Structures are given as structure tokens and as C-alpha cells.
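So the structure is just underneath, and the comments pick up after that.
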Amino acid sequence: MTNQKATGYAGDITPIEAWEILKSHHNSFLIDVRTTAEWAYVGIADLSKLGKETHTIEWKTYPNMLINPNFVALVSSICVNPRVKILSLCRSGQRSIESSRALTDGGFKECYNILEGFEGDKDNNEHRGQRNGWKFSGLPWKQS
């Protein structure tokens with residue numbers, strides 16, 4: 001885990017560490033910051049075994065991929081206590097860095113980026129989901 005001073009947010013965690021935090025901390029939230037298209041066609045994390053839900057809020061809106069100006073306000077409407085643990089998840093762990101920084105700047109104290117994201121890094125054939133990430137780690141997910 002990296003430190004907040006260096007990153008601008010609480011740190012980076014693996015998908016397995018994210019699952020453990022979500023399981024053991026009542027006041028922890030998973031915010032999937034990908035796009036509507038990604039949620040529909042690729043799937044989302046399934047937290048039903050933990051009695052929780054994945055909150056889907058686009059960091060960048062599809063198709064123009066501009067930053068969602070309401071992002072922090074939308075997260076604030078779900079996470080009313082700034083001391084909760086917020087875990088941001090995107091495709092590969094890049095947009096979730098940006099969203100974790102924005103949430104920290106917005107007053108949240110414990111914002112984490114989930115390394116590798118939902119689909120993980122590309123393999124030698126330019127395919128995701130074969131090397132690392134939420135799905136590759138065998139964590140629960142569902143598709144609509």
C-alpha cells in the first residue's frame with residue numbers, strides 16, 4: 001500500500017485486499033467508476049455475499065470521456081460520512097487513481113485505488129482478464 005502523501009489518496013490495494021476490506025469494515029464502499037457501457041457489457045463486482053452493493057458512478061462519461069462534474073457530489077450522496085473507506089474500481093486501475101484523488105480533495109479521508117481494476121492488465125495478445133484484476137482473482141461478479 002502506498003502512502004497518501006505520495007499519491008494524493010490513501011493508497012493502492014489489490015482486488016483481494018479490497019474484498020477483505022469490504023468484508024471486514026462495515027463502513028466501506030465500492031465505487032465502480034467505469035462507464036455505463038462497461039457495466040452492461042463487461043459486468044460488475046457482486047457484493048451480495050457481503051450484504052453490500054457495488055455503487056456505479058461514472059468518473060468519465062461515455063462516449064466523450066469527459067470528467068463527470070457531479071462525481072464527488074454523487075459519491076457524497078451515498079457516503080455521507082467522510083471517514084468511510086471508499087474503494088474505487090475501474091477497468092485497469094487508472095481512472096480509479098484519478099477518482100480517488102478527486103474524492104480525497106473533496107474531503108474524504110480514506111480513498112483507495114484498486115490496482116489492476118476489474119479486467120486487469122493486457123496480456124501478450126492485448127487481451128484483458130488473463131493476468132490480474134478483480135475477475136481474474138476469482139472474486140464474485142455478475143453480468144446483466
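The values are calculated or read from the model by the stated rules, or taken from the named source; none is laboratory data. Remember, predicted model here, so these are calculated numbers, not experimental data. The accessibility values were calculated without ligands, DNA or RNA, using every heavy atom of the protein model including side chains. Shrake-Rupley method; radii C 1.70, N 1.55, O 1.52, S 1.80 Å.
Of the cross-linked pairs Lys52/Lys135; Lys109/Lys142; Lys85/Lys122, which ones have a Cα-Cα span greater than 24 Å in the structure shown?
Lys109/Lys142; Lys85/Lys122
With the other protein chains left in place, how much accessible area per residue, in square angstrom, belongs to the chain at a 1.4 angstrom probe?
Per residue, the chain has 52 Å² of solvent-accessible surface.
What list of ³J(HN,Hα) couplings, whole Hz, do you get for the range 77-88 from phi and the Karplus terms 6.51, -1.76, 1.60, once you set θ to phi - 60° and write x for glycine and proline?
Per residue, the Karplus-derived 3J(HN,Hα) values read 6, 9, 10, 7, 9, x, 9, 6, 8, 10, 10, 9 Hz.
In whole angstrom, and with the biggest value first, how far do the Cα coordinates of the chain range along each principal axis?
Result for the chain: principal-axis Cα extents of 40, 36, 32 Å.
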